Every structure is written in structure tokens, then in C-alpha cells.
1. Can we say residue 79 is free of Cβ contacts under 8 Å to residues at least 40 places away in the same chain and among the acidic types (Asp, Glu)?
2. Consider segment 45-69. How many of its residues are in a strand (DSSP E or B), closer than 27 Å to residue 26 by Cα and among the small types (Gly, Ala, Ser)?
3. Step by step: first the residues of segment 17-54, then only those that are among the acidic types (Asp, Glu) and within 26 Å of residue 80 (Cβ to Cβ), then the one that is farthest from the chain's Cα centre (by Cα). Which residue is that?
4. Look at residue 103 and say whether it is more than 22 Å from residue 19 (Cα to Cα) and either without any contact (Cβ under 8 Å) to a residue 40 or more places away in the chain or crowded, with 18+ Cβ neighbours inside 10 Å (or both).
5. Does at least one position in segment 128-135 carry a residue that is among the polar types (S, T, N, Q), within 20 Å of residue 8 (Cβ to Cβ), at pLDDT below 95 and not in a helix (DSSP H, G or I)?
6. Provide a single number: the residues in segment 107-119 that are surrounded by fewer than 12 Cβ atoms within 10 Å (Cβ to Cβ) and either at pLDDT below 95 or assigned to a strand (DSSP E or B) (or both).
7. Have a look at 97, 72 and point out the one that is closer than 25 Å to residue 5 by Cα and either part of a helix (DSSP H, G or I) or not basic (Lys, Arg) (or both).
8. Which of the numbered conditions does residue 31 fail, given that it passes all the others? Conditions: (1) modelled with pLDDT of 95 or more; (2) not in a helix (DSSP H, G or I).
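The values are calculated or read from the model by the stated rules, or taken from the named source; none is laboratory data. Quick caveat, the model's predicted, so the values are computed rather than measured. All Cβ positions, glycine included, derive from the backbone under ideal geometry; neighbour counts span all protein chains shown.
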Amino acid sequence: MDVEQLLVDAVSETIETMAFMEVNKADAITPYDEHLVRLRVEILINAPFPGEMRLVLPKSLAGLFAQNMYSLEEQDVTDETVEDVLGEIINIVAGRLMADILPDDQTFQLGLPLIGPDAFLETEASSHAIEFNIENIPLWVVLFGDGFQSAA
């Protein structure tokens, strides 16, 4: 089972279905740009193994998601709407990924989404990052936890 391909499928199909935007896996990771205003949305995997999924994206992309999902004009997008959209997206992506990597008879438990500004943090934790391009705007998905590596 290829966890990376399952994640690519979950992210692509979720965003394409919900936000009506084409998603492509990037060929390389874009260098960190400290001037780009980004948001971070994360959700804990509580069972059957401890882990975390994190989405990092420019605030502008989060606004486009909200505009497309709720048929809003740019000036009508609020921070609350953006948080709702990002929480919904990460719940669906994480739930789909866990359902795809686990046996049909095994359950999983997710935490609640946490959303806030992104900060560059180096970590020693086991992680795997994938970058996507959505209308030439980057979106990063990072999986933390040994459970994702052992599921591969």
C-alpha cells in the first residue's frame, strides 16, 4: 500500500470536489518563503496509532477555497468562514486517508482541527511532506508519526 499515493488521491479528490479547483502534485518542494502569509490546519490521529496531519497553505488559497465552496465574493469571506472550510477539508482528507490505509474492520479516531498562523518549525519527529499546486499556488501536506510509515 502506497500511503503517499493514497494521500495524493485523498487531497486531490477532496479539494476538486469541494472547492472545484484542480490539484496537481508538485515535482519539488518550494523553498520556504518567510514573507508568504500562511495558515496551518492540523488534526491529531488518536487511534489506532498516534499521528498528525497538517495542511499548510497561503491565506489567499484558503480564501479561494471559501469563495468556491460557499459561492462568496472575495470581500464576503470572513476568518470564521475560512476556518470552517479548512476544518472541513482536513477532516475529510484525514478520514479518507485513515479509512484507506486501515483494514475495513479497524476503526480510527481523529481529534478536532486546530487552525492558526503557520510558523516554520524544525522537528525531529518522523514526518513526510508532499507539495501540491492549485492554480499555481502551493499547498503542503505533512504527515507526522511512525504509524504512517509502517502503514506503507
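1. Details: free of Cβ contacts under 8 Å to residues at least 40 places away in the same chain: yes; among the acidic types (Asp, Glu): yes.
So residue 79 passes the test.
2. Step one: filter segment 45-69 for residues in a strand (DSSP E or B), giving 45-47, 51-58.
Imposing the further condition that a residue be closer than 27 Å to residue 26 by Cα reduces the set to 45, 51-58.
Okay, now just the ones that are also among the small types (Gly, Ala, Ser), so 51.
Total satisfying the criteria: 1.
3. Taking segment 17-54 first, the residues among the acidic types (Asp, Glu) are 22, 27, 33-34, 42, 52.
Going one step further and asking which of them are within 26 Å of residue 80 (Cβ to Cβ), we end up with 42, 52.
Numbers: 42: 8, 52: 10 Å.
Checking each candidate, the answer is 52.
4. Numbers: more than 22 Å from residue 19 (Cα to Cα): yes; either without any contact (Cβ under 8 Å) to a residue 40 or more places away in the chain or crowded, with 18+ Cβ neighbours inside 10 Å (or both): yes.
The answer is yes for residue 103.
5. There is no residue in segment 128-135 that is among the polar types (S, T, N, Q), within 20 Å of residue 8 (Cβ to Cβ), at pLDDT below 95 and not in a helix (DSSP H, G or I).
6. Total meeting the criteria: 4.
7. Values: 72 fails: closer than 25 Å to residue 5 by Cα.
Only one candidate qualifies: 97.
8. (1)
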